[in-house]
1. Tell me which lysines have Cα within less than 17 Å of K97's Cα, excluding those fewer than 8 residues away on the same chain?
2. Read phi for every residue in the range 33-46 and hand back ³J(HN,Hα) as whole Hz from Karplus 6.51 cos²θ - 1.76 cosθ + 1.60, θ = phi - 60°, with x for Gly and Pro.
3. Give the relative contact order (percent, whole number) for the range 7-114; include only Cα pairs under 8 Å separated by 6+ residues.
4. Over the range 7-114, one equal point on each Cα, no solvent: what is log10 I(q)/I(0) by the Debye formula at q = 0.11, 0.14, 0.20 Å⁻¹?
5. Can you list the lysines whose alpha carbon sits under 19 Å from that of K37, skipping same-chain ones fewer than 8 residues off?
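Read-outs throughout are calculated quantities, based only on the coordinates presented, and are distinct from any laboratory measurement. Computed from a predicted model, the values in this text were never measured in an experiment.
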Amino acid sequence: MERNLDPNSNGLLQDYVQSLFDEGIVNDQFSQVLTLKTEDEPDSVLKLINAYLNDAEAILSEFPENMDIPDSDFKRLAAQARKISEISLCIGAEHMKLACSDLIQACDEKQGRSFSW
């Protein structure tokens with residue numbers, strides 16, 4: 001089934017995606033993800049992005065509760081941040097990948113409380 005998009009909305013979407021690149025939120029890997037869209041599965045990219053967001057949200061939701069306990073397991077938190085970094089790398093979420101690198105470093109240095117939620 002072919003969808004007829006308003007030409008103005010398609011242009012707005014392209015402008016928005018370009019702004020994501022310009023601001024460093026996504027990288028060239030995201031361009032590769034965008035090429036996965038096919039006529040047979042026009043929503044494949046949307047499904048992939050939603051899966052990424054759901055996975056990242058599930059992992060991130062554990063951080064505040066783990067950070068508030070006196071004996072925080074920073075190795076575990078760093079491992080979770082590495083998971084997010086890996087899935088961010090696959091989808092091209094550059095800004096999230098960079099944020100995870102900072103979080104991993106803080107966890108490795110056992111300074112997790114310096115982050116504000």
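1. Partners found: K83.
2. 4, 4, 6, 6, 5, 10, 5, 5, 10, x, 9, 4, 5, 4
3. Computed over the range 7-114, the figure is 30 percent.
4. With no solvent term, the Cα-only Debye profile gives -0.43, -0.64, -1.03.
5. K47
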